[in-house]
1. What is the spin-label model distance, in nm, from residue 3 to residue 43 if the labels are put 7 Å beyond Cα along the C-beta direction?
2. At what distance in nm do the modelled label points of residue 19 and residue 71 sit from each other, each positioned 7 Å from its Cα along Cα→Cβ?
3. Give me the number: length gained by fully extending residue 50 to residue 35, i.e. 0.36 nm times residue separation minus the C-alpha to C-alpha distance, one decimal in nm.
4. Largest first, please: the extent of the C-alpha atoms of the range 1-66 along each principal axis, to the nearest Å.
Amino acid sequence: MSQCPRCGSHDVQKISSSSMFLTLLASGGCLVWLATMFPPLWILAGIVLLFSLYVLIGKVSWRCLDCKHAWVAKKGVEGQAGQENKVKEKKEKR
C-alpha cells in the first residue's frame, strides 16, 4: 500500500478527483457571484474554474489520515498499491 512521505504511516486514503473538481467548481461559482459586486474577482474566479478542469484530468492524490499530509502519487504507485493489497489479502487467507 502507499506510504506517507512525511510520517511513514500506511494509513492513507486516495483523494477522489471528482470530489475535488466539484468543490473547486462550487467555489468558482461563488466567486462568479461575488464578482458581480466586486469586478476584480473575475480574474480569481476564472483561475479557480480553470484549475478545477485541471484537477479533473490530473494525477492521483493521496492524504495521510494520521498527519493530514496530502501529496500527488508518482506514476505507477497506484497500480503497485493495488498489487500489494492483493498479496496481503492472500497471506491473510492462509
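1. The modelled label-to-label distance comes out at 4.4 nm.
2. 2.1 nm
3. Values: separation 15, 0.36 × 15 = 5.40 nm, distance 1.60 nm.
Contour length minus the Cα-Cα distance gives 3.8 nm.
4. 47, 21, 14 Å, listed from the longest principal axis down.
Just so you know, all these numbers are worked out from the coordinates, no wet-lab data involved. What you see is a predicted model, and the numbers here were worked out from it, not measured in a lab. Here the Cβ is made from the backbone with ideal geometry for all residues, glycine too, and neighbour counts use every protein chain on show.
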